[in-house]
Amino acid sequence: MAEIIFSKYSNERCRRFAIRTDILEKNGVRYVEKHAMYPEGKAHVEGLADWYRKLSVLYREISLAAGYCEKTEDGVRLDYIPGETLEEQLDSLLHEEKQQEAGERLKAYLSQVESLYQKADFVQTEQFQQVFGRVSLPEGLKCGGTVTNIDMVCANVILGEIPTILDYEWTFDFPIPCKFVLYRIIHYYTATNGIRMVLHPEQLYHDFGITGDLLGCFAEMEQNFQNYITGSHTPIREMFADITPGIVREKAVYDSRLQVFLSMDGMYREEDSRFYPMNEGRAMVQIPLPEGCRWIRLDPGDQACVVHIERMTFDGREVSLKGEQIPGGTLRGQWAFIPHLDPAIKGIPVPEGAKVMEVCLTTAVVGEDLIGIVCKANEENEYLHNKVHRMNQIIDEMKNTKIWKLYGKYRNAVERKR
């Protein structure tokens, strides 16, 4: 009898896509099984065997393989394939400070995938809109001829003599832009760990023709796709603030959610906001911006905290926090100190025509008293700085007066006599 040695529940989805993945071992041999958690999901799980057959033929064109899959009585069985993933290989190179080699390796894989999905002109179908929404995509995009696996991310590639794509759950048989597949590979590698930012994702996007409006369109497609997966189901990670009122968590960092307000007129309204999960106080998100959006406000959780803005970009261009408002708090460089509940960073200006904002931040819960001391010290520092600055201004103004100039001549004459 097989022994289950690991189980994973993908239950933060709608019933149609909720599945259980088991790793089992029998007579020293490991394998994987996937089962639908509800009757509505049976077709989705069993469809993996069909995708395996179609992708196996397709992947041979670029020297890749699909992990073996076959139907069982109540699900599918897949091969258990141990080994290093492309994601792990790239991370190892970065830890060894071999950024150039990691970048070249990632670009080589992106070019490999790009060559696979350039067979036909992309046409936006009704099926596409059901999954990715009605997105205003430019003309001239290319797509695959038959099926497209949009989840060819680095974590799904097991390296070997023939690299194998482990997971192809999100495969579709209608046209999908090739560049969107490339966008997801870049995004889900570079935006999920700060160390990977040294590969300059904005340059990677540019190198593969994903710029300007297209970047914003793909961020919108990805958001719509995530909504398609969850449907009307609300993931429990997004319910924390609602089901635990009044709880103060005594941790240096905490799980909460980042609320982002998108404003056209400088007013911040709940109906114009979106929520994004924070894992252990960290959020790395891409936010599609509606046309006409002029200002952004970030609410990092609901406790007094210190926020480090590691990275903030609009359409790939990095910006600083100079001039932003921290109500009741203070800003030092890329650090915000907010000594009260319901913290906020307000007044972030949106460059004209920007399509997508990317932000990476880390939040740490610190006692209100301690943050208050930092804020007061910063205010006193600011006061002294302003006093010195004003004195220098007065001196500069005095230097332009007739009296100051006469005094200068008198002082020079006295110096010569000495």
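The values are calculated or read from the model by the stated rules, or taken from the named source; none is laboratory data. For clarity, every value in this text was computed on a predicted model and none was experimentally measured. All Cβ positions, even for glycine, are placed from backbone atoms using ideal geometry, and neighbour counts span all protein chains on display. Side chains are part of the model used for accessible areas, which takes the heavy atoms of the whole protein and leaves out ligands, DNA and RNA. Shrake-Rupley method; radii C 1.70, N 1.55, O 1.52, S 1.80 Å.
Annotations for the structure displayed:
- For the residue pairs 34/179; 142/355; 26/179; 119/355; 8/355; 71/355, the alpha carbons lie more than 32 Å apart in 26/179; 8/355; 71/355.
- Tensor-based shape of the range 102-152 (alpha-carbon gyration tensor, a/c under 1.5 rounded, otherwise prolate or oblate): prolate
- Per-residue Karplus couplings for the range 91-102, computed as 6.51 cos²θ - 1.76 cosθ + 1.60 with θ equal to phi - 60°, are listed in order as 4, 4, 5, 5, 5, 8, 6, 9, 4, 5, 5, 5 Hz, Gly and Pro entered as x.
- Amide proton proximity set for residue 68, modelled H, under 5 Å, gap of 5+: 79
- Rounded, prolate or oblate (a/c below 1.5 giving rounded, otherwise prolate when a/b exceeds b/c) for the range 252-310 by Cα gyration tensor: prolate
- Placed amide H near residue 356: partners under 5 Å, 5+ positions off or other chain: 289, 315
- Accessible carbon and sulfur surface of the range 1-120 relative to its total accessible area, %, 1.4 Å: 46 percent
- Under 5 Å between amide hydrogens, built in the peptide plane, is the criterion, and for residue 332 it picks out 337 among residues at least 5 positions away or on other chains.
- Shape call, the range 1-147: gyration tensor on alpha carbons, a/c limit 1.5: oblate
- Ordering of 16-24, 35-43, 311-319 by packing [mean C-beta count within 10 Å, highest first]: 16-24, 311-319, 35-43
- √(5λ) per eigenvalue of the Cα gyration tensor, the range 76-178, largest first, Å: 29, 18, 12
- Peptides 129-139, 169-179 ranked from most to least packed give 169-179, 129-139, packing being the mean of other C-beta atoms within 10 angstrom over each peptide's residues.
- Using C-alpha pairs below 8 Å separated by at least 6 residues, the relative contact order for the range 120-225 is 32 percent.
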